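Data first, discussion second: the structure below is written as structure tokens.
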Amino acid sequence: MLSTIKRSRQELINELISSELKGRGGAGFPTGLKWKLTSEAKSEKKYVICNADEGEPGTFKDREILTKVPFKVLTAMAVCGYIIGSDEGIIYLRGEYQYLSKNLNSAIQEFEYYCKKINLNFSIRLFLGSGAYICGEETALFESLEGKRGEPRNKPPYPTTAGFMGKPTVINNVETLAHTYTIFKYGAKKFYDLGVQYSRGSKLFSVSGDTPKPGIYELELGMSLQDFVDEFGDGDTKAVQVGGASGFLVPRKKFGETAIGFQGKLVGISLPTGGSMMLFNSTRSMYNVLDNYLEFFKEESCGQCTPCRVGCQQLYLGIKAVKRGDRPATYLDKLLKLSETMQYTAKCGLGQSVANSFISIVENFREEMIY
Amino acid sequence: MDQIKELVHELVQKHGHNRENLLPVLQGVIEHEMYLSEQSMVEIARELDIPAAEVYGTATFYSFLQTKPMGKYIIRLCKTISCSMKGKNQVLLALQDMLNIKIGQTTPDGKFTLLQTNCLGWCHEAPAMVINHEVYTNLSPERVREILNEYIKLENG
């Protein structure tokens, strides 16, 4: 860390920008730009927040990072603090991972001692969530940190100018921070050389479902889903959910044409993911899968905006009604329209992304929804 | 009664009087009492100098901040897709059968509350559950019986 903070802030920001690292929580905002914007914001007080509210179904890589290499994350936070001009970092850890807090707190203590030794004024504290998926949304996370209901705010203003306590804030996913550590240590080029255009570097994937080898794997971005299934499938993979409940379902016939990474102009179908990869084999009913996701969204919607609060409920009830035969199959088309409306009108990423799994499952497995 | 007053006071001393300390204070009460009683929420409101409705509103937003009495051990079984695919329902049946309660209920002796929860982040070792903060993975009806027996033994001294 000492060698990193001896370099100029501008040089570090340029290095991060040239790596083309994008946020690993799933949304994929360019990390270098985020740090640059926050460094340019004028304020006496700024914050660095590590988003460890890993709640997306099928994601568990951040827990592994915090368990195995907490110092990478802590160092990255302090370096970010140095760059943007902040002396305070907060880790927002989901309540489900409370058992980690003992080890994390002692790692923080050790790290702060080291910071003092090298004369770096930076403190970090751990804040525990209490079982709310929506708090992974950055502005909902700020609300929660401020002691309120975790309801997302309107954007703009963005966190880079008005985040936690209304101050400029860098908020990054655990894995994103860990990558910045690697980039500053080994250089942007090593990172950039991995992956493909628009999707540089490697990424951790949480693999679960019908696979002989569930677990956490680091893979290059840009790989085709077919290659992924060849490696992790059980020989009978019917579909893969890329990006958790808020992501997309890809049926077998589209494995070849789908890549895993961020969407760009020239790359064909490319699906972003926070790392969640769930495999389903031919014994699974996609109706059950969708029903499970919708129950999840119905419960985790914060209830603040109508499209999401009512939409999630109606989608959940709607597919049940079609399955029971209380509604005709054509009712699915109405539900598809509803999910599209949610995509345009919901306030935050939760409500907007329900349509991803809803449309991709209903369109590809329509008969399973009806019979 | 005064016990809760004292607990809240202690927690507020420890975490601070500002609004942003509300969650840690609520979590602290849960840690001791397993749930937030009306009295504890009113007390917190008084100590932090905010309306009691604000405390209640915040508490009820979070699924881990219960406002109804809970057992000493809260069992939260993950019901999200990966766990559900790997036999969560059989595990649930075993739990219900052994404790003789249904989801959302507490055993008459006040020891165990059975709840379901959303993704715990142990999808690769499904099915999973937490008992208070302790994580248990790769569950089967047999394993869950063994685990519960340990707790029951512990309770019976």
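Evaluate peptide A:128-141: per residue, the Cβ atoms of other protein chains within 10 Å of its Cβ; return the mean as an integer.
Averaged over the peptide's residues, the number is 3.
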Starting at the first residue of the range A:2-11, write each ³J(HN,Hα) from the Karplus equation 6.51 cos²θ - 1.76 cosθ + 1.60 with θ = phi - 60°, in whole Hz, x for Gly and Pro. 4, 5, 5, 7, 7, 7, 6, 4, 4, 4
Under 5 Å between amide hydrogens, which residues at least 5 positions from B:G87 or on another chain qualify, with H placed 1.01 Å from N in the peptide plane? none
Non-local amide H neighbours of B:K111 (under 5 Å, H modeled in plane, Pro and chain starts lacking H): which ones? B:K72
Between beta-carbons, use under 14 Å as the cut-off and find the net charge around B:E10, counting Lys and Arg +1, Asp and Glu -1. -4
Filtering trypsin sites (Lys or Arg not before Pro) in the range A:243-318 by DSSP loop and by at most 15 other Cβ atoms within 10 Å leaves A:K265
Multiply the residue separation of A:T345 and A:N121 by 0.36 nm, subtract the distance between their alpha-carbon atoms, and state the gained length in nm to one decimal. 76.3 nm
Taking a ≥ b ≥ c as the square roots of the eigenvalues of the Cα gyration tensor of the range A:219-371, is the shape rounded (a/c under 1.5), prolate (a/b larger than b/c) or oblate? oblate
Counting other Cβ atoms within 10 Å of each Cβ, which GluC sites (Glu not before Pro) in the range A:1-104 have at most 14 and sit in a DSSP loop? A:E44
Once A:S43 and A:R366 are pulled to full extension, the length gained, defined as 0.36 nm per residue separation minus their Cα-Cα distance, is 111.0 nm
5 angstrom amide H check on A:G195, placed H, neighbours 5+ away: A:G201, A:L221
Everything considered on the Cα gyration tensor (a ≥ b ≥ c; rounded for a/c under 1.5, else prolate if a/b is larger than b/c, else oblate), the range B:73-155 must be described as prolate
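Let's test the formula: R0 of 25 Å, r as the Cβ-Cβ distance of A:D234 and B:N89. What FRET efficiency results, to the nearest 0.05?
So the FRET efficiency works out to roughly 0.75.
Give me a single rounded figure for B:21-27: the average over its residues of other chain Cβ atoms within 10 Å of their Cβ.
Per residue, the number of nearby Cβ atoms from other chains is 4 on average.
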Distance in nm between A:D87 and A:E218 label points, each 7 Å along Cα→Cβ, equals 3.5
What is the packing order of peptides A:212-219, A:311-318, A:339-346, taking the mean over residues of other C-beta atoms within 10 Å and listing the highest first? A:311-318, A:339-346, A:212-219
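Can you give the calculated 222 nm mean residue ellipticity of chain A, where each DSSP H run of n ≥ 4 adds -39,500 (n - 2.57) and the sum is split over every residue, rounded to the nearest 500 deg cm²/dmol? The partial results should precede the final answer.
Numbers: 14 runs with 165 residues, N = 371.
After summing the helix terms and dividing by the residues of chain A, the value is -13500 deg cm²/dmol.
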Residue-averaged beta-carbon neighbours from other chains (10 angstrom radius) around A:211-221: 1
For A:N103 paired with A:I17, estimate the spin-label separation in nm (one decimal), with each label point 7 Å from Cα along the Cα-to-Cβ line. 3.8
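Read-outs: derived from the displayed coordinates by stated rules, not from any lab. Keep in mind it's a predicted model, so treat the numbers as computed, not measured. Counting neighbours? That spans all protein chains shown, and the Cβs are built from the backbone with ideal geometry, glycine included.
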